[in-house]
Amino acid sequence: MAKQDSDISSENKDQKEALKDYWNDTYKKDISKLNWYEEKPRPSLKLIKMCNLKKDAAILNVGAGATILIDELLKLGYNNVIANDLSANALSKIQERLGENNDKVTWLVDDLTDPKELLTLGEIDLWVDRAVLHFFTEKKEQDTYFQIIKKLVKKEGFVIIAVFNFKTDDESEALPVYRFEQNMLQFKLGPEFKLIEDFNYTFKGPYGDTREYVYTLFQRI
Ligand SMILES: C[S@@+](CC[C@H](N)C(=O)[O-])C[C@H]1O[C@@H](n2cnc3c(N)ncnc32)[C@H](O)[C@@H]1O
């Protein structure tokens, strides 16, 4: 018997809830044991420095997880930082670390593939993603992600995307992943976004294993 629209929509909802539970459970661990844990997010900071932003620039870190990048941005004096993630547990790890400074950040639990709160934000100066987009393996999810960028990033604003490149072995990942090259990101962003910088980067995780990323910086023209 053919599936009804209502069956498909409830299956999708169940899958989304399962994914949210997966990420929330992941962040019950000590974050320094996570495969993607970076003690100092140097490649992202290098690209952020190149943007030469004012201290009150709106910086949106999507899929921020429990990243130290938020702490580093505050240390650098940025005072309009927004941290987004699907997992409230992830963001609470950063909040605990920041203590009373946590009210200096805007927290946004929302799904990049089904955004609600994200769409209520005003224009932003910088979008930063490390290790999130590659989990969106469906065209529809990727299209939604790039639509949010196009809605939020202001003219002359910047986009940093760091994702697995083709050298990463996708078979060994816990979740399905999609691999990218900079020209695929350029295609998705379209001609309004100019590639300013890109480099490949080998990330060594806490267990000594490596993952291959492509880091890109685009500017909206
Ligand atoms: C590999 S972690 C990277 C975290 C962080 N960017 C870092 O560099 O440490 C991927 C993150 O994406 C988040 N995530 C996964 N799917 C998401 C979605 N649909 N919307 C928002 N965040 C999502 C996860 O909760 C997780 O924190």
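Nothing in this text is a laboratory measurement; each read-out follows from the coordinates by a stated rule. Because the structure is a prediction, the values reported are computed rather than measured. Don't worry about glycine lacking a Cβ; one is built from the backbone with ideal geometry, like all the others, and counts go over all protein chains shown.
Within the straight-line cut-off of under 23 Å between alpha carbons, the lysines reachable from Lys20 are Lys28, Lys29, Lys33, Lys93, Lys116, Lys139, Lys140, sequence neighbours fewer than 8 places apart in one chain being disregarded. The distance between label points at Asp209 and Ser32 comes to 2.1 nm (points 7 Å beyond Cα on the Cα→Cβ vector).
Only lysines eight or more places from Lys55 in sequence, or on another chain, were considered; those with a Cα closer than 17 Å are Lys46, Lys75, Lys104, Lys154. Dimensions of the chain based on its C-alpha atoms, expressed as ranges along the principal axes with the largest first, amount to 58, 41, 37 Å. Its relative contact order, with pairs defined as Cα atoms under 8 Å and 6+ residues apart, puts the chain at 18 percent. Residues considered: Thr113, Thr67, Thr210. Largest GNM mean-square fluctuation over the chain, using C-alpha springs under 10 Å, is found at Thr210. The Cβ shell under 15 Å around Lys49 holds other residues with a net charge of +3, Lys and Arg each +1, Asp and Glu each -1. With charges only on Cβ, +1 for K and R and -1 for D and E, what is the dipole size of the stretch 61-199 about its Cα centre, in debye, rounded to 20? Roughly 320 debye for the stretch 61-199.
Among Ala57, Ala18, Ala162, the residue with the largest mean-square fluctuation in a Gaussian network model of the chain, with springs joining Cα atoms closer than 10 Å, is Ala18.
With the cut-off at under 20 Å, measuring from each backbone N in the stretch 41-65 to a point 7 Å along the Cα-to-Cβ line of Glu197 picks out 41-62.
Estimated from the Cβ-Cβ distance and a Förster radius of 30 angstrom, the FRET efficiency linking Lys150 and Glu11 is about 0.55. Spin-label model, Lys104/Glu123: points 7 Å from Cα along the beta carbon direction are separated by 2.6 nm.
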